[in-house]
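These notes are about the structure you will find just below.
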Amino acid sequence: MLLHVSNLTKRYGHLAALSEVSFSIRPGEVLGLIGPNGSGKTTLFECLGGVLPADAGSVSENGRALGAGERKARVFYLPDAIAPWPTQPLRWALDFVLGFFDGPLAKRDDVVRQLDLDPLLDSAIGTLSKGQRKRALLAIGLLTPQPILLADEPFDGLDLRQTREVAETLRSHAGAGRTMFLSIHQINDAARVCDRFVLLSGGRVCGEGTIDELSRRAAALDSREAGRAERGSLEEVFLALT
């Protein structure tokens, strides 16, 4: 097991955005964080990525709790809907990230090719379309050296073909040993790319595992849901467990 998140809690006054969230992150997997808008997905990523302080809970590696600095060495958080260095060309941003984080320089050309970014390298990031900017941000994330990449909504703004190509790229990097933890609200996208899932609803984890494991849990909880859940649809499983 790479990391274990235990009882992570984040409150805003009387509102619990996250409530005792616990799950594991395994080496080299594509883990999907699934939940509707407002379920706490972004808050969870911000806490794991060090953007927000959690009110309670811990992140541990092999049974040892990690401090904030140790966690930053293991996790890189890629937020959704941002445009870093908007006046700078994409080429500059990729080279800056590689130099600042001491990233994998040998992978630069492959990442540019996989995400079809060569025509955009001399374009200012602020001038890119939503889909182009999403691919540019993913390239930045893939060129960081931390073993775990947290990507918030990696397919947002992409068309069907681009979604499939990006999914293949993420899977290829996971196959090479990088762990991907993806926050995805489109369940069909999640089912295509992820190995396991963490189901989040109302700030609480309501399931963790593969589709088959979650299907069996859903069927065991309520026999009325058994027929639908056993058919293996992640959407039906999510509805049954939440």
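Quick note: the coordinates plus some simple rules give every number you see, no bench work behind them. It should be emphasised that the depicted structure is a prediction, and the values quoted were computed from it without experimental measurement. So basically every Cβ, Gly included, is an ideal-geometry build from the backbone, and we count neighbours across all protein chains shown.
Quick notes on this structure:
- Summed residue charge, Cβ within 13 Å of Ala81's Cβ, Lys/Arg positive, Asp/Glu negative: -1
- Under 27 Å of direct C-alpha separation, and excluding same-chain neighbours fewer than eight residues apart, Lys107 reaches these lysines: Lys72, Lys130, Lys134.
- Computed extension gain for Ser6 through Ser58, at 0.36 nm per residue and net of the alpha carbon distance, reaches 18.2 nm.
- Percentage, to the nearest whole number, of Cα pairs in the chain over 28 Å apart: 33 percent
- Residues Phe101 and Leu66, FRET efficiency given R0 of 22 Å [Cβ-Cβ distance, rounded to 0.05]: 0.75
- Taking a ≥ b ≥ c as the square roots of the eigenvalues of the Cα gyration tensor, an a/c ratio below 1.5 marks the range 11-84 as rounded.
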